[in-house]
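> Here it is, the structure in full.
The values are calculated or read from the model by the stated rules, or taken from the named source; none is laboratory data. This structure is a prediction, so every number in the text was calculated from the model and none was measured. For neighbour counting, all protein chains shown are included, and Cβ atoms are generated from backbone atoms with ideal geometry for every residue, glycine included.
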Amino acid sequence: MDQAEQLRIIKAGQQSRPLARVITVTSGKGGVGKSNTSINLAIQFRKMGQRVIILDADFGLANIEIMFGTVPKHNLCDLIYQGKNIKEIITWGAMDVGFISGGSGIVGMANLSRDYLVYIIRNLAQLDAIADIIIVDTGAGISDAVLEFLVASGEILLVTTPEPTSITDSYSLLKSLSIHPRYDSSTTAVKMIANKVEKEEEGEVLFNKLNAVVARYLKIPISYLGVIPQDPLLARAVMQQTPVSIQSPGAKSTQAYERIAAKLMNREESSGPPRRGMAAFFSHIISGRKI
């Protein structure tokens, strides 16, 4: 039995139970608020009764754990190399949002045997029973690892700011995605969030500017989710290692995250992409690697 057949068996076994919704948050460059977006959307989803786990896939940078003010005992490497089970590597943060520190674990999956990969994916697939929504917080930029996560995800949130470099890098990221051999526009929804804007209209101008170029040259459909405004309360919350959605419920940024989370939930109920679950997500990543 080859690897593809083994993975098909795993995914077939998942069809008898609910699959988690996997949302991948990304950006063309660092410093645009990607991890803040991941954490605060997770908090808003929890307020709506959803069970949420964040996978911190920003290798080498522990942004999620720093923002939560919590140091995890284990990470994905311990699942892969130390025999820990999936529940043992989940750290529970504020409002019972779980997060998994990726470390270099996913990069190392390329060097594992086929049988062991199947074992790892079986463990990761258990997240479907633990969480309703899994947020994958990627590294910033256009690395091979980031692109692997994007092509595996049915739902991508692209965080962009009005800075010219952010717009240019967002376009470059989408261009790299569009020419990836396993990218499929019919099964991948890209949604843009305008962050660090002064007013609502600025976010709409930003989206229209990026969308015009993307539609003309890349033919990637993107939609607009809304804005996160400049907010000193958000900056203060980051310094105090507490999500602004918890520390300052009335803050402008908190209300913006609440609106975006509600929009995401409403869109899924109406015409959202089909849920893939974690087995399909990781098997998609592995299927493109030479093992």
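> Just a yes or no: is a residue in segment 62-79 of a type in the set (A, V, I, L, M, F, W, C), modelled with pLDDT under 70 and outside any helix (DSSP H, G or I)?
yes
> Among the residues of segment 82-121, write down those that are in a helix (DSSP H, G or I) and at pLDDT 80 or above.
Within segment 82-121, ILE86, LYS87, GLU88, ILE89, ALA94, MET95, ASP96 qualify.
> Which ones in segment 123-159 are touching a Phe, Trp or Tyr at 6+ places or on another chain (Cβ under 9 Å), acidic (Asp, Glu) and not in a strand (DSSP E or B)?
ASP132
> Please indicate, with yes or no, whether at least one residue in segment 282-291 is of a type in the set (A, V, I, L, M), in a loop (DSSP other than H, G, I, E, B) and either modelled with pLDDT under 90 or buried (at least 20 other Cβ atoms within 10 Å of the Cβ) (or both).
Yes, there is a match, as at least one residue in segment 282-291 is of a type in the set (A, V, I, L, M), in a loop (DSSP other than H, G, I, E, B) and either modelled with pLDDT under 90 or buried (at least 20 other Cβ atoms within 10 Å of the Cβ) (or both).
> Considering only segment 161-251, give the helices (runs of 4 or more DSSP H) lying wholly within it that have at least 1 residues that are of a type in the set (D, E, K, R) and in contact with a Pro (Cβ under 9 Å, 6 or more places away or on another chain).
Hits in segment 161-251: 200-217.
> Taking the condition surrounded by fewer than 20 Cβ atoms within 10 Å (Cβ to Cβ) and more than 10 Å from the chain's Cα centre (by Cα), does LYS29 pass?
Spelling it out, it is not the case that LYS29 is surrounded by fewer than 20 Cβ atoms within 10 Å (Cβ to Cβ) and more than 10 Å from the chain's Cα centre (by Cα).
> Scan segment 208-254 for residues that are within 15 Å of GLU198 (Cα to Cα) and free of Cβ contacts under 8 Å to residues at least 60 places away in the same chain and report the count.
Here the count works out to 10.
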